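Visitor: I'd like to ask you about the structure that follows.
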Amino acid sequence: MKKILLVRPPRYIWSPVNESDNFLMPLGLPCLASALRKHLPEIEIKIIDCPPLKIGWKKLASMVKEEEPDIIGAGEEALYHHEAVKLFKIAKDFNPKVITIGGGHFFSWMQEYSLERFPIDYIVRFEGEDTIVDLVKTLKEGKGVENVKGISYKSNGQIKNNPLRPLIENLDDLPLPAWDLMPVRSYSPFGYLWPKAATLESGRGCIGHCTFCSLWTFWGEHGKGDNQLKVIQRYRKKSPGRVLEEIDILYNKYGRRFLHIADPTWNTDPKWVEEICDGILKRKLKNLHWWAYLRADFLIRDEKAGLLKKMVKAGLNHPLIGVERLNDKDLKNLDKKNYSQSVIKEAFAILKNKYPQVCRQGTLITCLHDETRESMLELPKYAQELGIDGLLFHPVAPVPGTLLYEEAKAKGWLEVDDFKEYDWCTPVWSSETLSRKELAMLNVEVSRKFYLAKPFFVIKKLFSRSTHTRRVYRWFLMSLIPVLLTQLKDKIMGLYKKDNLICGYLRLTKPKWYDS
C-alpha cells in the first residue's frame, strides 16, 4: 500500500452566493491527512479539493487514473453524498481493487443504506482520525477488520457494524491539520462574506440539543442517551494555546485575514473565550477578523461581563445567531433551550446599539410541519424589528442524524426520498395546511418581503463606516438582481406549476467548470 487519495469532488453551488464564498476550506480532509501522515509516514497522502480549484469531473477522472491510489476516501453530507458516490464509481472503473472509504455526516448515519447501494468498501463513522489510522494499518498488514472500532462494511454479503469508537478526549493530542496539502490561498480569494478566509476548528460538538441539527449528534457521545439516536451532546475544546497556534499559522504562513470559526456554539465558556481574545490582542494581528456562531443568551451574559467588547476588539465582526423562530412555542418544539423572543430581541439590541461596526446575521427556519401562511408571513416583520443585517429563510430539511428526521420518518411526513434534495433550500414535506408547492412559493415571498421592505436601509449600509458591512451589503445587492431574474424566469417557464418544485432563487446551480 503506497498511496491514499482524499477528495472533495465537484459540486453545484448555492446561487445567491458567489463562487469565491461558496467553498470554504473543509476541515475533515486536512485533519484526516495529518493523522495518517503522523502514524503511517511510509504512505503518500494526497488531497484533491476540486471546488476552489475548479476541477471538473473530466479532469478529476484523469487525475484519479494518473494517481493510481490504493485507497480513495471522501466524506459528505446528505446534499452532496451522490458526488462522493460518483467518485467511488469512477475509481472502481479504473481499478476494481481500489479500496473506497466513505465518511462524514451522511455515510456515518446511513451506513446500511449506503453499503447496500453504493460501491463503498468501508465507512468510517463519526470522528475519523483514530479510526482511519487503525483501519489503514489493519488493511496494510493484511489482517481482518473485525476488531477495528468505528467502521461499517460488508462481509460475505452481510453488513457488519463494528462497535463505535470512543471520542478523542483531548483534542490537543491531534496533530496540526495538514494545511500544506490544501490549496489554502485559493479559498475565498475575493469573497464578500469571507475574504481571504480560512476555516478554524477550535472545538467539536455543541451543548445544544436542537431537533433540526446534525452537528451535535455527529460529534456527540454515541451509544448512550435516551433519544432514538442514542447520543449525548458533548462539546470538547482545544486549549487556548492550541487555538492560538493554529491562528498564528493561518495568519502568518498562509496570509489568512478572515477566520470562519466552525464551532456550532463558540461562546459557551467565557474564560476560554477570553483567553483566546487576550492572545489575539497580545499578538496585534493587523486586519484579522472572524465569524463565529454565538448563542443569544450567552451573548447577553458576555456583554454584562465586558467580554463581548473584548471579542469585537479582537476581531469579531460577523456573529451569527440562530434566531430560528418568532414564538416561544416553536423554539421549545425545536429544543432551543434557554431561548425566548425576549432573549433574542435583547441580544440583537446589544449588537445594534453598542457595536454598529459588527454585521448582525441571523437564521430563521421556515416550512415547519405545523406551518401556516400566517406564521410564515410574521417572520420577515420580526426579522426587521430585530435589526438583522443578513438573513436567510431556510426551509427545514430533516437530514439523517437529526431528531427531526427520525420523527418525520416515523410519522410518514417526508415526501422526498432523494437525499440530494435535502439542501435547506427546498421543502421536503407539506405542512398540515400547506402543500410543498405553497410552502416553496411562500418562502420566496417572505424573503422578498424582508429584503425589499427597507430599500433606504440597504443603501445606507452600502456606505457604512464598517468595511465588512459595506462588503456584505454589496453582496446582498449583487445577489438581488439574479434572484429577481430567476424568479421571473421560473414564472415564464412555469416551474411554479410543477409538483417537484425547486424553491426559486435558492436552487443549487451547476458551475461552468463542473463537467470539465
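Visitor: So which pairs qualify, if the first residue must be in the stretch 309-322 and of a type in the set (Gly, Ala, Ser), the second must be outside any helix (DSSP H, G or I), the Cβ gap must be under 7 Å, and the two must be at least 6 apart or on different chains?
Guide: Taking only residues 6 or more apart or on different chains, the pairs are Gly315/Leu288; Gly315/His289; Gly315/Trp290; Gly322/Thr363.
Visitor: Looking only at the stretch 269-287, how many residues end up being part of a helix (DSSP H, G or I) and either of a type outside the set (Lys, Arg) or crowded, with 18+ Cβ neighbours inside 10 Å (or both)?
Guide: Qualifying residue count, the stretch 269-287: 11.
Visitor: Return yes when Ala305 is at pLDDT 95 or above and surrounded by fewer than 16 Cβ atoms within 10 Å (Cβ to Cβ) and no when it is not.
Guide: yes
Visitor: Next up: Restricting the search to the stretch 139-160, which residues are farther than 21 Å from Leu32 by Cβ and touching a helix residue (DSSP H, G or I) at 6+ places or on another chain (Cβ under 8 Å)?
Guide: Passing the criteria: Gly144, Lys154, Ile159.
Visitor: Continuing with the same structure: Looking at Leu5, Leu60, Leu87, Leu29, which one is touching an Asp or Glu at 6+ places or on another chain (Cβ under 9 Å), surrounded by 17 or more Cβ atoms within 10 Å (Cβ to Cβ) and in a helix (DSSP H, G or I)?
Guide: Among Leu5, Leu60, Leu87, Leu29, only Leu29 is touching an Asp or Glu at 6+ places or on another chain (Cβ under 9 Å), surrounded by 17 or more Cβ atoms within 10 Å (Cβ to Cβ) and in a helix (DSSP H, G or I).
Visitor: Among the residues of the stretch 403-420, which ones are assigned to a loop (DSSP other than H, G, I, E, B) and acidic (Asp, Glu)?
Guide: The answer is Glu415, Asp417, Asp418.
Visitor: Taking the stretch 430-439 only, how many residues are surrounded by fewer than 23 Cβ atoms within 10 Å (Cβ to Cβ) and of a type in the set (A, V, I, L, M, F, W, C)?
Guide: Qualifying residue count for the region: 1.
Visitor: So which of Leu364, Leu391, Leu351 is surrounded by 17 or more Cβ atoms within 10 Å (Cβ to Cβ) and either at pLDDT 95 or above or in a helix (DSSP H, G or I) (or both)?
Guide: Among Leu364, Leu391, Leu351, only Leu351 is surrounded by 17 or more Cβ atoms within 10 Å (Cβ to Cβ) and either at pLDDT 95 or above or in a helix (DSSP H, G or I) (or both).
Visitor: Looking only at the stretch 416-427, filter to residues that are out of contact with any helix residue (DSSP H, G or I) (no Cβ under 6 Å at 6 or more places or on another chain) and on the phi < 0 side of the Ramachandran plot; which one of those is surrounded by the most Cβ atoms within 10 Å (Cβ to Cβ)?
Guide: Ranking the qualifying residues of the stretch 416-427, first place goes to Thr426.
Visitor: So which residues in the stretch 238-295 are touching a residue at least 60 places away in the same chain (Cβ under 8 Å), in contact with a helix residue (DSSP H, G or I) (Cβ under 6 Å, 6 or more places away or on another chain) and either closer than 28 Å to Glu169 by Cβ or outside the structural domain of Gly390 (by TED's automatic domain parsing) (or both)?
Guide: Lys238, Ser239, Arg242, Ile276, listed by residue number.
Visitor: Just give me the residues in the stretch 229-256 being closer than 17 Å to Pro26 by Cα and basic (Lys, Arg), in sequence order.
Guide: Once the filter is applied, which keeps residues that are closer than 17 Å to Pro26 by Cα and basic (Lys, Arg), the stretch 229-256 yields only Arg256.
Visitor: Within the set of pairs 6 or more residues apart or between chains, which connect a residue that is assigned by TED's automatic domain parsing to the domain that holds Tyr113 and more than 18 Å from Gly104 (Cα to Cα) inside the stretch 138-157 to a residue that is hydroxyl-bearing (Ser, Thr, Tyr) and modelled with pLDDT under 95 with Cβ atoms less than 9 Å apart?
Guide: Note: pairs meeting the criteria are Gly144/Ser155; Val145/Ser155; Glu146/Ser155.
Visitor: Just need a number here: residues in the stretch 197-232 that are more than 25 Å from His369 (Cα to Cα), surrounded by fewer than 19 Cβ atoms within 10 Å (Cβ to Cβ) and touching a strand residue (DSSP E or B) at 6+ places or on another chain (Cβ under 7 Å).
Guide: Qualifying residue count for the region: 5.
The values are calculated or read from the model by the stated rules, or taken from the named source; none is laboratory data. The structure displayed is predicted, hence computed values, not measured ones. Cβ atoms come from the backbone with ideal geometry, glycine included; neighbour counts cover every protein chain shown.
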